[in-house]
1. According to a simple spin-label model (label point 7 Å from Cα along Cα-to-Cβ), what is the distance in nm between R480 and L358?
2. Can you classify segment 257-331 as rounded, prolate or oblate using the Cα gyration tensor, where a ≥ b ≥ c are the square roots of its eigenvalues, rounded means a/c under 1.5, and otherwise it's prolate if a/b beats b/c and oblate if not?
3. If you compute Cα extents along the principal axes in Å for the structure shown, which of (i) 89, 65, 46; (ii) 94, 64, 53; (iii) 79, 56, 46 do you land on?
4. Calculate the spin-label point distance for E184 paired with Y299, positioning each point 7 Å from the Cα along the beta-carbon direction, and give it in nanometres.
5. Leaving out ligands, DNA and RNA but keeping every protein chain, what accessible area does V230 have, in Å² rounded to the nearest 10, with a 1.4 Å probe?
6. Which cross-chain or sequence-distant (5 or more) residues have an amide H under 5 Å from the amide H of V213, H modelled 1.01 Å from N in plane?
7. Would you mind checking which residues have amide H under 5 Å from V461's amide H? H placed 1.01 Å from N; only 5 or more apart, or other chain.
8. For V315, which sequence-distant residues (separation of 5 or more, or a different chain) have an amide H within less than 5 Å of its own amide H, given hydrogens modelled in the peptide plane?
Amino acid sequence: MTPSETNPAGGPQRQVASAAWELLLPAASAPARTRGRSLQAALREAVRSGRLAPDTRLPSSRDLAADLGVSRGLVTEAYEQLTAEGYLRSGRGAGTWVGGAVRAARPRARDLAPRAAGARADFVPGTPDMSLFPRAAWAAAQRGVLAELPHHELGYPDPRGLPRLRTALAELLARRRGVVADPERIVVVSGVAQATTLLGFVLYARGLREVGVENPGSPQHDALYAAAGVTTVPLPLDDEGLVMDPLRESGVRSVVTTPAHQFPTGIAYSARRRTELLDWARTVDGFVLEDDYDGDFRYDRAPVGALQGLDPERVAYAGSVSKSLAPGLRLGWLLVPEALAEDVVERKRTMDLGHPTLDQALFARFVERGDYDRQLRRCQRAYRERRDTLVAALEEDFPGAEVTGIAAGLHVIAALPERYGPQERFLARVAAAGVAVRPLTDYAHADHAHAPAGEGGQPGVRLVLGYAHLPPTRIRAGVRLMAGATAPRGS
């Protein structure tokens, strides 16, 4: 190599750093059949990363081949390929140079998964305990599936899902949640989020541009329906569920509900309100979209059955394994009324051509062998203990605190006495102490006239506290930390 050569324009040639050529040495020792591609890839990466800067003159093919111990033809082919791609430039008698077209920065993979960064105690709701994931049983099911799965089932699946899984789900949901589950009307989806978006597209295509949502309610519904062109209309709740007069006056013909355990208030819809809601849907020729996000987890009695069981032609029912196994599996189901079934299936087909077949077959086996029922019982025991721990800790460290809502799910509503307010000061102190919490007001639609009960400037504090992902010792420690940071003056 000759580091003192000049460039064609007469200016000083940028010196070739020996470190750059070190990037090529592993490629030179690659197996003979892949050595050429490896050399090209290493040279391409050296240019992309800036280790070989623009206007750097490269050694001749003979010199580089001798330095690397490879054939000259291998280097010549690499130079020609990268010149054709624009990474290098060359001219007759002028040698080979690094081109100036490359502007790519070194790729960097960021992790955008939602987390409470740096929190000493994290009570943000919605997350199960991923350490409860049944790794051994899951691995055994996976081995069984890989051994038995017919080759043809690795092709594009029925967009509704594998018949084996839809049959297993129909039996499971009928037995555990009281739904009317026809396997032909079950669609396997990537969680409730995809189910929501699918329904949004179908409703939009039918001319329904608005959908009612519970207020307070899941903050995700707004964005998911907006992606389908549908606007959400916030509707108020009382102690029995959605208030019927505002629903009737809204003009919407579809509404999203969480009747088994309303998120976030924690109420269960009364039998009277369930009947009124279905009567409304029949009157307006509309649909109720039931999100059964944690319906399996009831701790003081058997879970309330799904609304869908009362009228499967007016209720679309969605659920997933996100709370029972892990949200990262992205596996759920949607039971659709016959009037929507064909449109939903076609939209699912055009969206992704169906859910991954290996995942479907694995979960089907998991359900069939009773592993899923065992997992639900395991989570039930753990989450009941954690809820009891949280309630006891609040009673001890926040005297006068009231936990509202039914004994179910993965979160509680804690109403703290007025002396802990105002809420803004409470939240600031908690955050400064490293405790991640969410107030009930975070789940209200601010642009709506009906604020959640207990809000609207009152001096008390109402928190939505998640507990499922925390072992009992951390729950107690987190509540103590929160109490220490927010103790009222004079206490």
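The values are calculated or read from the model by the stated rules, or taken from the named source; none is laboratory data. Given the structure is predicted, the values throughout are model-derived calculations rather than measurements. All Cβ positions, glycine included, derive from the backbone under ideal geometry; neighbour counts span all protein chains shown. The area values use the complete protein model at the heavy-atom level, side chains included, leaving out ligands, DNA and RNA. Shrake-Rupley method; radii C 1.70, N 1.55, O 1.52, S 1.80 Å.
1. The answer from the label model is 4.6 nm.
2. Judged from the Cα gyration tensor, segment 257-331 comes out oblate (a/c at least 1.5, b/c at or above a/b).
3. Computed from the coordinates, Cα extents along the principal axes in Å corresponds to (i).
4. Distance between label points: 4.3 nm.
5. 10 Å²
6. It is V233, L235, V256, by chain and number.
7. For V461, whose amide H was placed from the backbone, the distant partners under 5 Å are L416.
8. V288
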